[in-house]
Amino acid sequence: MVNHDRVTKAVIPAAGLGTRFLPATKAMPKEMLPVVDKPAIQYVVEEAVDAGLHDVLMVTGRNKNALENHFDRNAELEDALTKKGDTARLQKVNYSSVLADMHYVRQGDPMGLGHAVLRAQMHVGREPFAVLLGDDIIDARDDLLKRMLTVQAQRHTSVVALLEVPPESIHLYGAAAVEPTDEDDVVRITGLVEKPDAEHAPSNYAVIGRYILRPEVFDVLERTKPGRGGEIQLTDALQSMAEAPDWTGGVYGVVFRGRRYDTGDRLDYIKAIVQLAVDREDLGPELRPWLREFAAELDDKPGEIVEEMPADPTGPISTIRVEDH
Ligand code: UTP
């Protein structure tokens, strides 16, 4: 029996290999990379809690210890800060351990996002639930998840977040074929394609890392064969759900026009840190004038040569040109 009631659980897949960030992610999940002074994953858990989802299931893989430890008490650190009387830092350390009701499940082999979501089946049961990708940050000033929960409550369908991207970037995402609805920011999804090239993309609407899924997704995922890259793709399961609205409820999209940072991508990660730090009361006032000066100097300087580690450590050091932007 499907429970159409309020969504209470958030699932955060954080078991990917994070190969784009090697060697930083050799012994640490990419979701633990700091964005200013918090790991990316903490922004994501805070977003879930802020939307009323206190029950958080994290899907972890190898190197899971750092993730679990971050959301647990650290008695040694607490003692040291208490002795020093550093209450401000003590609060910061304690905050992540009381933030949410955290649960963990292992994925084993990282066989794709669809496979990671399927690992949540036991914990979630037959309820609609939210999925928040652990390396995707939505700015806390933009209420995307709350809006998606409202749409889910009204329509009782699965809901995904969509972002309009330039055609040359659509090959990095799942792309949605859509039909308008009576609401400006809501569309009905008629089809989905994982990472299409620009000329085969059904639209410029890219699926980003927020989903509210009906439990039928588990039934579909169990039958979903490995797709692109030999992985079980969530996009393929959503495509099947969009095609069979009679028993899955179909899939709708909420068009997001706010700020989103993909911290799994090196360039976006750097941009995220700068953008979030500029807006911070404690860092912004000093960072802004420094950034202006730095950018002005860039305008005058030609690209510089920097040294990069060779692929073969015994080989010659290669050089790359840092282009002027
Ligand atoms: P990505 O495709 O961005 O993660 O998955 P990745 O495979 O770790 O990245 P690269 O390309 O190798 O750098 C998006 C989210 O889904 C999780 C990731 O941890 C990330 O939060 N994921 C992905 C899993 O939990 N399991 C998987 O098998 C794949």
> Can you give the net charge of the other residues whose Cβ lies under 12 Å from the Cβ of residue 167, counting K and R as +1 and D and E as -1?
Replying inline: -4
>> Give me the net charge for the shell around residue 108: Cβ to Cβ below 10 angstrom, other residues only, Lys and Arg +1, Asp and Glu -1.
In response: +2
> What order do you get for 270, 208, 170 when you list them from fewest to most C-beta neighbours inside 10 Å?
Replying inline: 270, 208, 170
> Where a ≥ b ≥ c are the square roots of the eigenvalues of the C-alpha gyration tensor, would you call the range 132-196 rounded, which needs a/c under 1.5, or, failing that, prolate if a/b is larger than b/c, or oblate?
Replying inline: oblate
>> Can you tell me how the range 1-95 classifies by the Cα gyration tensor, rounded, prolate or oblate, using a/c under 1.5 as the rounded cut?
In response: oblate
> Of the listed peptides 71-83, 184-196, 227-239, what is their order by residue-averaged count of other C-beta atoms within 10 Å, with the highest listed first?
Replying inline: 227-239, 184-196, 71-83
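Over the chain, what is the relative contact order in whole percent, taking alpha-carbon pairs under 8 Å and six or more residues apart?
19
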>> Using amide H atoms built in the peptide plane, which far-off residues or other-chain residues are under 5 Å from residue 191 H to H?
In response: 177
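Which entries in the list 26/84; 9/83; 84/271; 30/195; 30/92 go over 26 Å, if you measure between the two C-alpha atoms of each?
Listed pairs above 26 Å: 26/84; 9/83; 84/271.
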>> How large is the convex hull of the C-alpha atoms of the range 76-147 per residue, in Å³?
In response: 155
> Taking the alpha-carbon centroid of each part, what is the distance from the range 208-280 to the range 84-132 in angstrom?
Replying inline: 17
> When the helix-only estimate is applied to the chain (DSSP H runs of n ≥ 4, each -39,500 (n - 2.57), divided by the residue count), what is the mean residue ellipticity at 222 nm, nearest 500 deg cm²/dmol?
Replying inline: -10000 deg cm²/dmol
>> Sort 84-94, 18-28 by the packing proxy (mean of other Cβ within 10 Å over each peptide's residues), most packed first.
In response: 18-28, 84-94
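In the neighborhood of residue 247, defined by Cβ-to-Cβ distances under 12 Å, what is the net charge if each Lys or Arg adds +1 and each Asp or Glu adds -1? Present the calculation step by step, with values, prior to reporting the outcome.
Numbers: positive: 214; negative: 216, 219, 243, 246.
Local charge sum for residue 247: -3.
Bear in mind these aren't lab numbers, they're just calculated from the coordinates by the rules spelled out. Keep in mind the model is a prediction, meaning the values are calculated, not measured. We place every Cβ from the backbone using ideal geometry, glycine too, and count neighbours over all the protein chains shown.
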